[in-house]
Structure formats: structure tokens, C-alpha cells
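The values are calculated or read from the model by the stated rules, or taken from the named source; none is laboratory data. These numbers were taken from a predicted model, which means no experiment stands behind them. Quick reminder, even Gly has a Cβ in these numbers, built from the backbone with ideal geometry, and neighbours come from all protein chains shown. Side chains are part of the model used for accessible areas, which takes the heavy atoms of the whole protein and leaves out ligands, DNA and RNA. Shrake-Rupley method; radii C 1.70, N 1.55, O 1.52, S 1.80 Å.
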Amino acid sequence: MGNKALQQLNDAVQVVLQRARQQVLAQMGTQLTVAEKTSRKDLVTNVDKSNEHFLVHELRRLDPQAKILGEEGLGDTVTSMSGHVWIVDPIDGTMNFVHQRNHFAMMIGYYIDGVPTLGYIYDVMADRLFAGGPDLGVTVNGNPLPAPADLDLADGLFGASGPLLIHDRYQMQAIAHASLGPRIMGSAGIQISQVLAGELVGYLSYLRPWDFAAGRVLAETLGLAVSQVDGEPVNMLSSGAVLIATKSAQRAILTIVR
């Protein structure tokens, strides 16, 4: 895909996300239908489903031959990253959405034959849209975003997963102690966007493909490291402990984990 076509697609997806944001804000004033998926801490709402339906419909309009993997299962059954693949999280941080009405995001990742191509993280309540990819650079609300400083773990705040920190999985307590302090938001999209903006030196959590697909595109474009917690490459169609960090922080974290 040429740069002109890619830029046109990038612009169109941002318009779709802005329309989705307006619909989500309108629905927040109504009675939510909330259900448990796997536990009382894993929720889904009517807004998750309606927003995914809208996003899938619009992405099919923009890219009819593509495959779409959505968190709520309203897209396709995707077993391969060949061709054009969109990975969609309609509401990331549903617990925050339900109980705080804040600190949640919409995320879309776009891959061509497995290559990270475009990514979008939209902090809905802050109206902060991170967008772009390796051929276009990264913008926030249309303004170019410079690469964050390559700070070491000891020189920055660290984005932690609450469950991993509590149960000390992957040496999370030692990682947090080595940093200037842990920060927990309950939304992968929000915390990844904070790494992109240089507000955190890293983020580690157990993530599913829709939790990190967009973040991987944007992070790698900005020169950040994205890997499994053991340093191996991520698999875009499987879940696991994923680390997104500055390269210096990644080295420090991998040393602690190993």
C-alpha cells in the first residue's frame, strides 16, 4: 500500500473513531446492561457490543477484503495474520467504564501479512487519539508525537498490572521497587498511551491480542521495545505477559525477570 493510500486510510479510521466516541458518550447517559464474561471482574456491556458492531461495520466498508478480530466476537474467526487484519478492542477498561465512567480506551491495530502497519489508541474521556504507524509516524490529535526519551527503569514510573503486582507474578514487585514507583490504571490502552507519551518507562501485563495490537504498532514506530516478558517476540494471535517499554527499561526488566 502506497503512502498516499495509507494516509487516506489513516485519516478515515480516525474519523470513524471520533464518530464512535460520540456514540459512546451518548450511551453513557443511559442505563447500561452489564454482564459477567468469566468472572465478576471481567465485564461486558451493551456499549462494548454496540461499539464493536459499529467499528467492524465501518472497517469492512473501508477495507472489504480484510479479516477483523474483535474482542466481543462480532468480527471474523482469525487463524492467520496473512492478508489485511484489523484487531479491535471496542472498550478497553470496561470495569473503569462501568464504575468510574473514565480511564477507558478504544483500540484498533492494522496488520498487513503480519507486519504492524497502523495503530490507534483513543483515550475517550480525555479526547486524546494516538494514531499512525511506521510509514506515517505517530500523532496525538493530529500533532506529531516525538519518541520518548530512552530512560532506564530506575529513572521513571512503571505501569503495573494490579493482579500481577499483588500476586508477584514475573517478579512484578521487584520491578516496581526498582522503578520510581508503580502506577495502575486498569486499562492497557491508557497505560500503553502513557508509555508512548513518555509518562511511564514501561508497562507489563497479561494481555490478549486486542489489548496490545494497536500499542505494538505505535510503540515500535516510536522506537520502544515490545516483547513477551521473557524477551521473545509477541504472537499476535495468542495471549500472554506482554512488556512495552523503553529499550533501557526493557533490558533492566528482563534482567530482573530472568
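Some observations on this one:
- Accessible surface of the stretch 1-129 [probe 1.4 Å, protein heavy atoms]: carbon and sulfur percent: 49 percent
- Solvent-accessible ranking of ASP76, ASP135, largest area first, probe 1.4 Å: ASP135, ASP76
- Among the trypsin sites (Lys or Arg not before Pro) found in the stretch 33-106, those both in a DSSP coil and sparsely packed, with 15 or fewer other Cβ atoms within 10 Å of their Cβ, are ARG40, LYS41, ARG101.
- Pair HIS57, ALA12: separation of 7 Å Cα→Cβ label points (nm): 1.7 nm
- Gaussian network model of the chain, Cα within-10 Å springs - most flexible of GLN228, GLN100, GLN23: GLN100
- For ASN102, net neighbour charge (Lys/Arg +1, Asp/Glu -1) across residues whose Cβ lies under 14 Å away: 0
- Cα gyration tensor shape of the stretch 126-258, rounded if a/c is under 1.5, else prolate or oblate by comparing a/b with b/c: prolate
- A 1.4 Å probe, protein heavy atoms only, puts the accessible area of HIS99 near 130 Å².
- Accessible surface of the stretch 169-258 [probe 1.4 Å, protein heavy atoms]: carbon and sulfur percent: 45 percent
- Shape class for the stretch 158-199, computed from the alpha carbon gyration tensor (a ≥ b ≥ c): oblate, with a/c not under 1.5 and a/b at or below b/c.
- Neighbourhood charge, 12 Å Cβ-Cβ cut-off, centred on VAL13 and excluding it, Lys, Arg +1 and Asp, Glu -1: -1
- Mean separation of Cα contacts under 8 Å (6+ apart) over length of the chain, as relative contact order %: 16 percent
- Dipole of the chain [Lys/Arg +1, Asp/Glu -1 at C-beta], most positive-end residue of HIS84, SER39, ALA149: SER39
- The stretch 201-219 and the stretch 57-111 have their alpha-carbon centroids 14 Å apart.
- Residue among GLY119, GLY159, GLY240 with the largest mean-square fluctuation in a Gaussian network model of the chain, springs linking Cα atoms under 10 Å: GLY240
- Positive-end residue, the chain charge dipole about Cα centroid, Cβ charges, pick of GLN27, GLY202, PRO163: GLN27
- Rolling a 1.4 Å probe over the protein heavy atoms gives the chain an accessible area of 43 Å² per residue.
- Spin-label pair ALA197/ASP113, simplified geometry with 7 Å Cα→Cβ offset, distance in nm: 3.7 nm
- From the coordinates shown, volume of the Cα convex hull per residue in Å³ corresponds to which of (i) 199; (ii) 114; (iii) 172: (ii)
- Per-residue ellipticity at 222 nm from helix content only, as computed over the chain with -39500 (n - 2.57) for each DSSP H run of at least four residues, stands at -11000 deg cm²/dmol.
- Gyration tensor verdict on the stretch 1-97 (Cα atoms; rounded if a/c is under 1.5, prolate if a/b is larger than b/c, oblate otherwise): oblate
- Charges were assigned to the Cβ only: +1 to each Lys and Arg, -1 to each Asp and Glu. The resulting dipole of the stretch 177-258 about its Cα centre is roughly 100 debye.
- Candidates GLN31, GLN194, GLN22: whichever shows maximal mean-square fluctuation once the chain is modelled as a Gaussian network with Cα springs under 10 Å: GLN31
- Surface listing: LEU157, LEU59 arranged by accessible area from highest to lowest gives LEU157, LEU59, probe 1.4 Å.
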